[in-house]
Amino acid sequence: MKRLYFLLTAIIFLSCSQPHYKEPHVLIETRLGDIELELYPDKAPQTVHAFLSNIEKGLYDGGSFYRVLKSEQLPTDFNTGIIQGGVWQQHDKQVAVPGTPHESTKQTGLSHTDGMVSMARKDTGSATTEFFICIGDQSSFDYGKGNNGDGQGFAAFGKVFKGMDIVRKIQNQRSHGENFDEMIQVKRIIIL
């Protein structure tokens, strides 16, 4: 009887010590600190599925944040602030990943606000592994706005839950143009 009581107590303790979220959460581990994301599969199911699939395959392990946009860098009317990451510059990670059908902000009801996570792309349906995190209001990346030539915007699919201080710390690293002087390594991304 004591063994059963101990076992039940241990199970209850362990289940209470793990965070339980309504939405899936992932953790991006970088050399500058961790960023926790909350994803929205009810609003952007295909994009979330593709991102989680990339994580499960380990594609982001050893990737990096390599691109940065700061409003003072660009002669534009848009207040652009993002950090972009993925595996684009990791030649050993260049695998065939199918493009994800585009889920515009018109469809999802999401907007590129502070902390929003979105897939980078060239053409609609071409997003694969690259993603960016918004710093400040970046609603110019939404559907119908002018920061994308085709007017379709980008596919927002989650938001920073914890770690915006790390996002800003990454953004403030030395850079020239749109590239960091030294890429910010992503040790790994895990599903919590």
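The values are calculated or read from the model by the stated rules, or taken from the named source; none is laboratory data. Everything numeric here is computed off the predicted structure, so don't read it as measured data. Cβ sites come from the backbone with ideal geometry, for glycine too, and all protein chains shown count toward neighbours.
Quick notes on this structure:
To keep it simple, each residue is scored yes or no on (1) modelled with pLDDT of 95 or more; (2) under 14 Å from LEU37 (Cα atoms).
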{"position": "HIS102", "(1), (2)": "yes, no"}
{"position": "GLN107", "(1), (2)": "yes, no"}
{"position": "MET116", "(1), (2)": "yes, yes"}
{"position": "SER126", "(1), (2)": "no, no"}
{"position": "GLY136", "(1), (2)": "no, no"}
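- Elements of the type strands (runs of 3 or more DSSP E) sitting completely within region 102-192 and holding at least 3 residues that are β-branched (Val, Ile, Thr): these cover 179-191.
- Restricting attention to region 49-72 and to residues that are in a helix (DSSP H, G or I) and not acidic (Asp, Glu), the residue that is modelled with the lowest pLDDT turns out to be SER71.
- Filter result for the condition that a residue is buried (at least 19 other Cβ atoms within 10 Å of the Cβ) and modelled with pLDDT under 95, over VAL167, VAL87: VAL87
- Residue list for region 122-131, restricted to those being closer than 17 Å to GLN152 by Cβ and surrounded by fewer than 24 Cβ atoms within 10 Å (Cβ to Cβ): LYS122, ASP123, THR124, GLY125, SER126, THR128, GLU130
- Within region 1-23, none of the residues are exposed (fewer than 10 other Cβ atoms within 10 Å of the Cβ), of a type in the set (A, V, I, L, M, F, W, C), more than 23 Å from PHE161 (Cβ to Cβ) and at pLDDT 70 or above.
- In region 136-190, the residues that are among the hydrophobic types (A, V, I, L, M, F, W, C), over 24 Å from GLN46 (Cα atoms) and touching a Gly at 6+ places or on another chain (Cβ under 8 Å): MET164, ILE166, VAL167, ILE184
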